[in-house]
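Peer 1: Got a structure for you, written out below as structure tokens; questions coming shortly.
The values are calculated or read from the model by the stated rules, or taken from the named source; none is laboratory data. Computed from a predicted model, the values in this text were never measured in an experiment. Here the Cβ positions follow ideal geometry from the backbone for every residue, glycine too, while neighbour counts run over all protein chains shown. When the accessible area is computed, the model is the full protein with side chains, heavy atoms only, and any ligands, DNA or RNA have been set aside. Shrake-Rupley method; radii C 1.70, N 1.55, O 1.52, S 1.80 Å.
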Amino acid sequence: MLAFIARRLLQSLFALFVMSLLVFVGVYAIGNPIDILINPQADQAEIAAVTAALGLDQPLWVQYWTFLQSALRGDLGKSFVANVPAIQLILNRMPATIELAAASMVIAVVLGIPLGLLAGLRPDSWVGRTIMAGSILGFSLPTFWVGLMLIMVFSVHLGWLPTTGRGPTVDVLGFPISILSWEGIRHVLLPSTNLALFKLSLLIRLTRAGTREALAQDYVRFARAKGLSMRRVVSVHVLKNIMIPIVTVVGLEFGSVIAFAIVTETIFAWPGMGKLLIDSINVLDRPVIVAYLLIIVLMFIVINLVVDVLYSVLDPRVRVAGARP
Amino acid sequence: MIAVQALTPSALIGVYRQPPSGLACRASAVAIRISRLGVLAVSIFIAASAQAAELRIGLSADVTTVDPHFLAAQPNLTTARHMFESLTDVDEKTRLIPGLAESWRAVDPTTWEFRLRRGVRFHDGSEMTAEDVVFSLDRPLTIKGSPGGFASFVRPIVAKEIVDPYTVRVKTAAPYGALPQDINSILIVSRKAAARASAEDFDAGRAAVGTGPYRLVRFVRGDRIELARFEGYWGARPAWDRVTLRILPSDPVRTAGILAGELDVIEHIPTADIARLRANPSLRLVQTVSWRTIFFHLDQASAEPPAVAAKSGKPLARNPFSDIRVRRAISMAINRTAIAERVMEGLAIPAANLVSPGVFGHNPELKSQPHDPEGARRLLKEAGYPDGFAVTVAAPNNRYVNDEQVAQAVAQMLARVGIAAKVEAMPLSVYFPRARKHEFAFAMLGWGSFAGDLALRSLVASPDPDRGYGAWNWARYANPRLDQMVQQSLAAVDEKRREALAREAQAVAMNDLAVIPIHHQLVTWAMRKGLTYTARTDEFTFAHHFRPQP
């Protein structure tokens with residue numbers, strides 16, 4: 001197990017290196033951020049001076065080498081626009097994004113698995129059909145449109161929930177958390193529902209397919225023949241066996257929810273790191289863009305690792321490669 | 001691992017406005033919940049603000065830092081100008097008025113004297129003196145890692161002299177009449193608070209000590225800025241005890257926020273939403289001509305301007321834009337009224353100047369070119385292009401109001417006089433760097449300026465890095481006579497004389513079609529009924545200028 005984890009981490013270092021190079025070259029190719037940031041009245045001398053002060057007049061490989069050297073010391077550079085270390089900027093905004101992602105994953109799991117089970121157990125009833133039709137909508141409606149509709153209906157017309165923003169936060173172990181208060185929950189409800197819709201539909205379909213497949217298996221028939229109640233058959237035999245694909249998907253989707261909550265964060269003005277990325281791309285704030293993508297890559301690597309380890313916990317037949325002598 | 005800004009207990013729970021009903025009970029429910037969780041004892045909040053007047057404003061762009069000398073971007077300045085002030089101020093028409101300086105005058109052509117207002121207090125109670133002013137004028141050049149913007153405002157200054165605690169003299173190398181306007185961009189900070197302060201110190205509020213009507217309560221990056229009234233303010237007392245500036249760059253979000261009653265004011269209303277907001281009986285809109293002028297640069301220096309060719313694709317014998325008849329034909333081909341009414345849905349007025357009406361140096365005698373496709377065709381023929389030619393019109397697509405659509409409209413109008421035009425629109429982050437490298441022959445730009453001569457200096461004076469002329473002259477238009485006039489205008493320390501010279505120079509540039517002007521944008525604010533605001537040409541949104549309707 002340890003050797004497996006060590007090898008994985010080594011591979012991930014290489015992935016991080018390639019990623020940083022790609023992003024660096026990509027942002028460099030777009031152009032000089034000073035052209036956008038500089039005050040219009042600035043003259044040529046000032047533009048040149050500022051470009052030189054930020055090291056942007058150097059050839060690409062020199063800039064990358066400088067970046068690499070400080071990156072190895074753990075310094076990913078300061079944001080051009082905020083004058084704050086890029087990593088600090090991202091980590092400051094990370095709790096908000098994780099909170100939003102966690103809330104939406106909870107919604108997706110709590111609603112998705114039972115609804116999927118129901119649809120799987122009664123595929124031909126009107127309940128099953130309605131759930132499946134709903135999941136198609138969840139897949140196909142664009143996030144930004146649903147977000148705006150949620151705001152229009154629940155905030156503007158009904159006035160039940162706030163339109164945008166995050167609720168008041170309290171610090172728990174140094175992390176600002178907003179969902180501990182009623183006001184915070186009111187704020188997180190719409191954005192997390194918006195973000196959850198797609199995952200919810202995915203989970204419904206996955207659970208339904210798994211359930212239908214499991215129901216036809218011999219062990220289920222045997223369990224029923226033994227006279228076990230339907231309730232026990234479903235909760236013990238079916239559910240346990242369909243969990244593996246669901247855990248995989250939930251794990252990976254959690255990563256993608258964090259990484260790509262951008263649209264939802266923008267619509268609901270949620271002060272998370274997705275919004276930060278968009279703002280940074282708009283002004284070519286390279287240190288932040290590079291640091292953000294590196295963190296996301298790292299996060300995916302860790303999540304994949306955790307999912308792999310979880311497999312072996314859920315299903316003793318699965319062994320992580322390298323775990324056996 | 002996680003760096004968390006130091007927050008006082010009272011700041012840990014943000015104060016949120018809720019519908020008046022059940023406010024107190026909900027507040028106490030929150031309090032009970034929190035103390036039950038045993039997280040932190042929170043003493044002061046919500047109840048206190050129930051009666052207090054609060055103003056909640058939706059800003060349209062991200063504020064990156066509270067440090068007023070780090071980045072000269074409009075949203076940063078909007079925020080900073082609530083807390084800090086400058087020696088000279090500008091009124092809603094962009095004309096200079098006294099700020100922290102009661103008066104100023106040119107002692108001699110290269111020396112400006114500013115007499116400071118007496119008894120002005122910083123937020124920490126200390127008095128603002130000449131020391132703070134000189135420190136603030138020095139500071140922009142000393143910030144490491146600043147993407148800048150402020151250096152060019154203080155660069156003409158070669159020496160500063162403290163005559164007495166309330167008098168500062170500033171020397172320039174050459175006579176420079178625009179100094180009081182430039183100095184408006186430098187906000188005065190407290191020397192004591194800012195002397196060794198970092199960006200973090202400003203963002204956390206420790207160094208954000210100014211003389212402005214509001215003091216910083218909390219800066220939550222990417223989310224909001226909370227401000228409280230400074231009771232020791234020297235000027236008119238603002239109507240609001242507390243102000244929240246919410247950062248809401250997405251247009252529909254701001255609109256939804258004011259429709260839901262969560263915001264009192266929003267800025268930069270998109271054209272598509274105006275009719276809807278205007279029809280809402282609980283809202284009010286105010287509008288004025290913005291200082292932002294939209295125009296096109298036509299490359300006049302390249303022998304073969306990029307993406308300009310005969311319709312067959314063969315290169316042209318010479319650069320068509322260096323012929324004034326072609327430039328005039330292009331100007332005549334554009335139906336500015338149609339663009340203003342249709343594309344801009346009434347949110348623009350046709351332009352004949354580089355600066356908006358009312359701005360210093362605007363020349364009211366210049367009239368916008370009437371639409372004349374026949375005349376345009378005739379001029380093209382005269383210039384040797386009876387069949388026209390092909391161009392690519394470049395424009396940003398996320399910068400100015402309906403920028404890409406305006407470019408599309410212009411391209412169609414050009415097609416009607418025989419110039420085959422296609423449009424290339426792209427995000428600003430790609431557009432500006434390419435335009436600066438002269439990759440576009442026909443390029444849109446928008447400009448806002450306090451003064452006509454300053455705009456001319458940046459946009460159409462011959463590029464001259466040593467003097468700082470023509471930094472944004474993408475077209476590399478060169479006219480020695482105009483350069484001379486711009487220089488004379490900027491050197492005039494007498495305001496009247498300077499404005500006359502600036503107007504003359506404006507006429508020379510526009511009659512020579514140094515650029516093709518399109519329109520001046522209008523800018524709109526929406527607010528709940530019962531509020532008033534004097535719409536500002538410089539597009540700034542200031543909480544202290546909003547008043548309850550009498």
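Peer 1: Amide H to amide H under 5 Å from A:Ile177: which residues, 5+ apart in sequence or cross-chain, H placed 1.01 Å off N in plane?
Peer 2: Distant-sequence amide H within range of A:Ile177: A:Val170, A:Asp171, A:Val172.
Peer 1: Where the only charges are on Cβ atoms (+1 Lys, Arg; -1 Asp, Glu), what is the dipole of the stretch B:292-521 about its Cα centre, to the nearest 20 debye?
Peer 2: 340
Peer 1: Roughly how many Å² is the accessible area per residue of the stretch A:86-314, as a whole number, for a 1.4 Å probe?
Peer 2: Result: 42 Å² of accessible area for each residue.
Peer 1: Follow-up question, since we're still on this one. I'd like the orientation of helix B:324-333 relative to chain B: the angle between its Cα long axis and the longest Cα principal axis, in ° from 0 to 90, rounded to 10.
Peer 2: The helix B:324-333 is inclined about 60 degrees to chain B.
Peer 1: Within the stretch A:19-37, list the residues whose amide N lies under 15 Å from a label point set 7 Å along Cα→Cβ of B:Val430.
Peer 2: Backbone N within reach: A:26-32.
Peer 1: Right, next: For B:197-203, what's the mean count of beta carbons from other chains sitting within 10 Å of each residue's beta carbon?
Peer 2: Other-chain Cβ atoms within 10 Å of each residue's Cβ, averaged: 2.
Peer 1: Another question, if that's okay. Sequence neighbours fewer than 8 away in the same chain don't count; with that in mind, list the lysines whose C-alpha is under 28 Å from A:Lys199.
Peer 2: Cross-link targets: A:Lys240, A:Lys275.
Peer 1: So, how do all the Cα-to-Cα distances of the protein assembly as shown break down into 10 Å bins, in percent, from 0 on up?
Peer 2: P(r) over the protein assembly as shown, rounded to whole percents: 2, 11, 19, 22, 20, 13, 7, 4, 1, 0, 0.
Peer 1: Shifting gears a bit: If you count, for each residue, the other Cβ atoms within 10 Å and average over each peptide, how do B:441-447, A:9-15, A:167-173 line up from highest to lowest?
Peer 2: Top to bottom by mean Cβ count within 10 Å: B:441-447, A:167-173, A:9-15.
Peer 1: When the accessible area of each residue in the stretch B:469-485 is compared between its chain alone and the complete protein assembly (1.4 Å probe; ligands, DNA and RNA ignored), which residues differ by at least 40 Å², being lower in the assembly?
Peer 2: Output list: B:Ala471, B:Trp472.
Peer 1: Using a simple spin-label model with points 7 Å from Cα along the Cα→Cβ vector, what separation in nm is obtained for B:Arg278 and A:Thr248?
Peer 2: For the pair B:Arg278/A:Thr248, the computed spacing is 5.8 nm.
Peer 1: So, one more: Based on the Cβ-Cβ distance of B:Lys496 and A:Gln58, what FRET efficiency does E = 1/(1 + (r/R0)^6) give at R0 = 51 Å, to the nearest 0.05?
Peer 2: 0.55
Peer 1: Starting from the Cα of B:Ile97, step 7 Å toward the Cβ, then list every residue of the stretch B:425-452 with an amide N under 18 Å from that point.
Peer 2: Only B:450-451 fall inside the zone, counting backbone N under 18 Å.
Peer 1: Across chain B, where is the longest run that never hits GluC sites (Glu not before Pro) in a DSSP loop with at most 14 other C-beta atoms within 10 Å?
Peer 2: B:1-230
Peer 1: Set the Förster radius R0 to 25 Å, insert the Cβ-Cβ distance between A:Arg212 and A:Val313 as r into 1/(1 + (r/R0)^6), and round the FRET efficiency to 0.05.
Peer 2: 0.45
Peer 1: What helices does chain A hold that run 20 Å or longer along their axis, going by alpha-carbon atoms, with a Kyte-Doolittle average of 0.5 or more, using DSSP H for the helix calls?
Peer 2: Helix filter hits for chain A: A:2-30, A:86-121, A:126-140, A:239-259, A:286-314.
Peer 1: Please say if the stretch B:74-202 is rounded, prolate or oblate, where rounded means a/c under 1.5 for a ≥ b ≥ c the square roots of the C-alpha gyration tensor eigenvalues, and otherwise the choice is prolate for a/b larger than b/c and oblate otherwise?
Peer 2: On the way: a/c = 1.35, a/b = 1.24, b/c = 1.09.
Rounded, because the longest to shortest axis ratio a/c is under 1.5.
Peer 1: Rank B:Lys171, B:Lys367 by accessible area, highest first, at a 1.4 Å probe radius?
Peer 2: Result of the area sort, largest leading: B:Lys367, B:Lys171.
Peer 1: Looking only at other chains, what is the average number of their beta-carbon atoms within 10 angstrom of each beta-carbon in A:181-190?
Peer 2: On the way: counts 10, 4, 10, 5, 0, 3, 1, 0, 0, 0.
The per-residue average across the peptide is 3.
Peer 1: Relative to the first principal axis of the alpha-carbon coordinates of chain B, what is the inclination of helix B:403-416, with its axis defined by its Cα atoms, in degrees from 0 to 90 and to the nearest 10?
Peer 2: With rounding to tens, the tilt is 10 degrees.
Peer 1: Among A:Met273, A:Met243, A:Met230, determine the one that fluctuates most according to a GNM of chain A built with springs between C-alpha atoms less than 10 Å apart.
Peer 2: Greatest mean-square fluctuation among the candidates belongs to A:Met230.
Peer 1: Please average, across the residues of A:76-86, the number of beta carbons from any other chain that are within 10 Å of each residue's own beta carbon, and give a whole number. Please report the intermediate quantities before stating the final value.
Peer 2: On the way: counts 0, 1, 3, 5, 5, 10, 13, 15, 8, 2, 0.
That average works out to 6.
Peer 1: I would also like to ask the following. Among A:Ala49, A:Ala86, A:Ala96, whose mean-square fluctuation peaks in a Gaussian network model of chain A (Cα, cutoff 10 Å)?
Peer 2: Result for chain A, Cα springs under 10 Å: A:Ala49 fluctuates most.
Peer 1: Is it possible to state the helix-based mean residue ellipticity at 222 nm for the protein assembly as shown, with each DSSP H run of 4+ residues giving -39500 (n - 2.57), the sum divided by total residues, to the nearest 500 deg cm²/dmol? What is it?
Peer 2: -13500 deg cm²/dmol
Peer 1: Counting only other residues whose beta carbon sits under 13 Å from that of A:Gln88, what net charge do I get with K and R as +1, D and E as -1? Before the final figure, lay out each step's value.
Peer 2: On the way: positive: A:Lys78, A:Arg93, B:Arg221; negative: A:Asp75, B:Glu200, B:Asp203.
Residues near A:Gln88 contribute 0 overall.
Peer 1: GNM on chain A, C-alpha springs below 10 Å: top fluctuator among A:His187, A:His157, A:His237?
Peer 2: Looking only at A:His187, A:His157, A:His237, the largest GNM fluctuation is found for A:His157.
Peer 1: If B:Arg377, B:Arg278, B:Arg56 are ordered by their accessible area, calculated over protein heavy atoms with a 1.4 Å probe, which sequence runs from highest to lowest?
Peer 2: I get B:Arg278, B:Arg377, B:Arg56, largest accessible area first.
Peer 1: What ranking of A:Tyr311, A:Tyr219, A:Tyr64 comes out by heavy-atom accessible area, probe 1.4 Å, highest first?
Peer 2: The most accessible residue leads, giving A:Tyr219, A:Tyr311, A:Tyr64.
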